[in-house]
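The values are calculated or read from the model by the stated rules, or taken from the named source; none is laboratory data. All values derive from a computational prediction rather than experimental measurement. Neighbour counts run over all protein chains shown; Cβ positions are idealised from the backbone, glycine included. Just the protein is used for accessible areas: all its heavy atoms, side chains included, with ligands, DNA and RNA removed. Shrake-Rupley method; radii C 1.70, N 1.55, O 1.52, S 1.80 Å.
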Amino acid sequence: MESILNSLNDAQKEAVQQIDGPLLILAGAGSGKTKTITSRVAYLLKNGIPPSSILTLTFTNKAANEMRNRALSLIDEQLSYTPLLCTFHKFGLLFLKHHISHLDRENNFVIIDTDDKKRIIKSFDIDLPVSLIASEISRYKNNLVNPQEAIAGAQLPNFKKIAHLYQKYEAYLRQNNLVDFDDLIALPYQILDQKPDLARETSERYRYIMVDEYQDTNDLQLMLLKKLTTAHHNICVVGDDDQSIYGWRGANIKNILEFDRLYDDVKVIKLETNYRSTDHILECANKLISHNRNRHQKSLNGTKGKGDEVKLLSHDTENQEALKIAQMINDFLDEGVNLNDIAVLYRINALSRSIEEGLNRQGIAYKMVGGVKFYERAEIKDIISYLRLIANPNDDFSLKRIINKPKRGLGKATIDKLQAGAHDQRCSIFSYISEHQTELKKKIAKKPFDAITRFVDLMDHLIAKKEEGSLETLIDDLEDSFGIKSYYQMLPDAQERVLNIEEFYGLYRDFMIRNSDATLDDFLNDISLQSDQDQIDESSVSVMSIHAAKGLEFSYVFVIGLEEGFFPLLGDGTDIEEERRLGYVAFTRAKDALFLSHSESRFYKGKRARLSKSRFLSEAGLVKGSLKLNKDTAGYKKGMLVKHKIFGIGRVLAVSKVKRETKLKINFAGTTRDILASFVQKV
């Protein structure tokens, strides 16, 4: 037990030793959050809590794997089995594998990602942006609104269309036994809500629940956690409201701010000792975030000494900014600084162009975190579809993606005939081709028929290999059978695509070697749950958005674009407190040196604009000055009707002042939102 507690500070020890009841650990940036969580897992195990009773939920596979390894390293005995430590989505997947039958669904479902989702939507007759439809469908699911309710509640014509498309989309998923990422949370909640006995049984099984990055949970995840604590209140949530930066994708900061309203006798422990950054960096971060009103009061205290002062970099243009930063990075490299100790962060992706050019001119190796994700590249998705079809020959969704990749001369009309024939026979397309070849031969020409039957024969061979357990060499057999690399070598960006394919093949082989008992389904499920940060490599200067940088740390950090309108970003629906939290996250990524950069002008969206310094620079105590608001925000009163471009007409519930700004709490048709007065009009 001493080995677990000795390396902890007093606040961390208190958090680790608090076993029973609801616990809120407010873990400031760099305060040893992961160490505290892993030590608490180890402490529970050392006190005789069965591993099967412990459930720890995170948001990335990378975090889950790191925590599992660190927790087990603190235990000086071999466990016969380990506690469940996984992402919310992985937990949902495991739960559905056992209980989706309660929804009259089969447990051999396939998980689809965002790109799959958009392709399904595109297959419908649509005249609206795919991203809008996909976003609204996700919103419906996360609010537990079924298609019938969506149709009944839609008021505007476009949203009526989306509601009907939602109905078609859900029917398609069910027909093809597909599950999207939203379903991995929504369906388990629905099952637990419909089956109180199962909810109690599941809660009894997981008597000790921990949640990492609790500030990033959305309303549905909160509801799921409430179901998981049906039989007890032993829930420990760990997070930092000052680092809540995902409101745009549904995270609700109220979950952490109002945790004490969910459970009685909540114990709150603050971790305020920072082990990452120097005092000067922490001073700027503390000053900046202190301007937010909706937060738990806390302040980071350093352990590394004062260090270098935070430096403000001023430039005439973005090109001068990029050149200066590139030169400074070269100077650091000459002093022996490692490439992967340096990061350049920005609020909006458009700012990366000039930085990329500047680094290129100086010959500095860098990596962009963002763009097209590895698993969403066309060539990778094709291989995954082949593997999905090998794992489940009845997966029509995957079959239709790759039946003509590489090209086999099969047009849309032929594929439509296959689908229609399968529908008439009430079987999958693969089964229809295999079992009804006489009928099929009459419907299509000889050349496409031969190509289709050849395809099925090759797939049968690979399926047999899988059944034999020859998984390690399966990927080589797949390449030998279909020549996927050869196909992509004839397309644009051939070199990059082939390198991606080879990377994936290596990943597959490595997985199968490391997990000798794994099935093909295990591999497919594992890669379906990969996150952005799982793909970050550490071999060069990192250039990324602040959102992508969360959870990372670097010795030298440059934050660019600190101008009004760029950072903070201003516009409809902007939450200035979340923008400020982004600033706090950016500042606290730096361990030894922080450089904050602004330009007098930027070339953006076709024209050069003159810009003023970001208010965050004055709020952090780095420059003098105050913000001048351009719009009249006076005269708003409780009960007044206002109109917002996106949310429509709402009624003001409360009016408050934040520095020189007026903030309104508005009820939009039952949904309460905090909006700056400058973004609404009086009705």
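What the Cα atoms of segment 438-511 give is an Rg and a Dmax of 15.5, 45 Å. Mean projection of the Cα convex hull over all viewing directions, computed for segment 50-160: 10.0 nm².
For residue 218, nonlocal amide neighbours, meaning residues 5 or more places apart or on other chains whose placed amide H falls under 5 Å from its own, are 252. The angle between the Cα long axis of helix 412-425 and the main principal axis of the chain comes to about 70°, on a 0 to 90 degree scale.
Please identify the chymotrypsin sites (Phe, Trp or Tyr not before Pro) of segment 72-178 that satisfy two criteria: DSSP loop assignment and at most 16 other Cβ atoms within 10 Å. Which are they? Write out the running numbers ahead of the final one.
Values: sites: 81, 88, 91, 95, 109, 124, 140, 159, 166, 169, 172; in loops: 81, 109, 124.
Answer by residue number: 81, 124.
The eigenvalues of the Cα gyration tensor, multiplied by 5 and square-rooted, give segment 1-81 an equivalent ellipsoid with semi-axes of 18, 16, 13 Å from largest to smallest. From the alpha carbon centroid of segment 451-530 to that of segment 337-363 is 35 Å. Coordinate range of the alpha-carbon atoms in segment 305-365 per principal axis, descending: 35, 24, 19 Å. With R₀ fixed at 22 Å, the C-beta to C-beta distance from residue 304 to residue 6 puts the FRET efficiency at about 0.55.
Need one number: the % of Cα-Cα pairs in segment 372-413 sitting beyond the 17 Å mark. Intermediate results must be reported in sequence, preceding the final value.
Numbers: 295 of 861 pairs.
In whole percent, the share of Cα-Cα pairs in segment 372-413 beyond 17 Å is 34.
Overall, the ratio between the Cα radius of gyration of the chain and 2.2 N^0.38 Å, rounded to two decimals, is 1.03. Net charge within 10 Å of residue 213 by Cβ-Cβ distance, Lys/Arg positive one each and Asp/Glu negative one each, not counting residue 213 itself? Spelling it out: positives minus negatives among the neighbours equals -1. Protection proxy ranking for 437-447, 227-237, 297-307, using the average of other Cβ atoms within 10 Å per residue and placing the highest first: 227-237, 297-307, 437-447. Which angle from 0 to 90°, rounded to the nearest 10, does the C-alpha axis of helix 33-46 make with the longest principal axis of the chain? Orientation of helix 33-46: about 70 degrees from the principal axis.
Taken along its principal axes, the alpha carbon cloud of segment 70-134 reaches lengths of 61, 29, 13 Å, longest axis first. The heavy atoms of residue 35 offer some 70 square angstrom of accessible surface to a 1.4 angstrom probe. The tail of the calculated P(r) for segment 326-477, taken as Cα-Cα distances beyond 25 Å, holds 51 percent of the pairs.
Taking a ≥ b ≥ c as the square roots of the eigenvalues of the alpha carbon gyration tensor, segment 554-599 is oblate, as a/c is not under 1.5 and a/b does not beat b/c.
What do you get for Rg/Rh over segment 278-323 if you use C-alpha atoms and the Kirkwood form of Rh? Don't skip to the end; give the middle numbers.
Working: Rg = 14.7 Å, Rh = 12.9 Å.
Rg/Rh: 1.14.
Here's the picture: charge each Lys and Arg Cβ at +1 and each Asp and Glu Cβ at -1 in the chain, and of 107, 680, 621 the one pushed furthest to the positive end of that dipole is 680. For segment 114-179, the share of alpha carbon pairs falling in successive 10 Å distance bins from zero is 21, 61, 17, 0 percent.
For the chain, calculate the relative contact order in percent as a whole number, restricting contacts to Cα pairs under 8 Å that are 6 or more residues apart. Let's see the in-between values first.
Working: 1054 pairs, mean separation 105.0, N = 683.
Taking the mean separation of contacting Cα pairs over the length of the chain, I get 15 percent.
Label reach from residue 485 (point 7 Å along Cα→C-beta): in segment 389-409, amide nitrogens under 20 Å belong to 405-407.
The phi-based Karplus calculation (6.51 cos²θ - 1.76 cosθ + 1.60; θ = phi - 60°) puts the 3J(HN,Hα) values of segment 258-268 at 10, 4, 5, 8, 7, 9, 7, 6, 6, 8, 10 Hz, whole numbers, x for Gly and Pro.
The angle separating the long axis of helix 352-361 from the principal Cα axis of greatest extent in the chain is about 90 degrees. Pairwise inverse Cα distances across segment 379-462, averaged and inverted, put the Kirkwood hydrodynamic radius at 12.7 Å. Among 200-209, 258-267, the peptide with the highest mean count of other Cβ atoms within 10 Å heads the list, and the full ranking is 200-209, 258-267. Here's how it looks for residue 649: its modeled amide H is under 5 Å from those of 644, which are all 5 or more places away or on a different chain. Remark: for residue pairs 90/168; 62/117; 33/62, the C-alpha separation exceeds 18 Å in 90/168; 62/117. The Cα center of segment 145-197 and the Cα center of segment 2-74 differ in position by 36 Å.
Each residue was assigned an accessible area with a 1.4 Å probe, and for residue 465 the value is about 50 Å². Note on residue 540: accessible area is roughly 10 Å² with a 1.4 Å probe, heavy atoms of protein only. Phi-derived couplings, Karplus 6.51 cos²θ - 1.76 cosθ + 1.60 at θ = phi - 60°, listed residue by residue for segment 269-274: 10, 9, 9, 10, 8, 9 Hz, with x used for Gly and Pro. In terms of overall dimensions, the C-alpha atoms belonging to segment 221-331 reach 60, 33, 26 Å along their principal axes, ordered largest to smallest. Sequentially through segment 666-683, phi angles give Karplus couplings (6.51, -1.76, 1.60; θ = phi - 60°) of 10, 9, 9, 6, x, 9, 8, 9, 9, 10, 5, 4, 5, 10, 10, 10, 6, 9 Hz, Gly and Pro residues having no value and appearing as x. For segment 419-476, evaluate the Debye formula with one uniform point scatterer on each Cα (no solvent term) and list log10 I(q)/I(0) at q = 0.14, 0.15, 0.23 Å⁻¹, rounded to two decimals. Values returned for q = 0.14, 0.15, 0.23 Å⁻¹ are -0.46, -0.52, -0.89.
Which semi-axes, in whole Å and largest first, does the equivalent ellipsoid of segment 147-259 have when worked out from the alpha carbon gyration tensor as the square roots of 5 times its eigenvalues?
On the way: eigenvalues 173, 84, 28 Å².
Three semi-axes, in Å: 29, 21, 12.
Dividing the mean sequence gap of close Cα pairs (under 8 Å, 6+ apart) by how many residues segment 1-124 holds gives a relative contact order of 21 percent.
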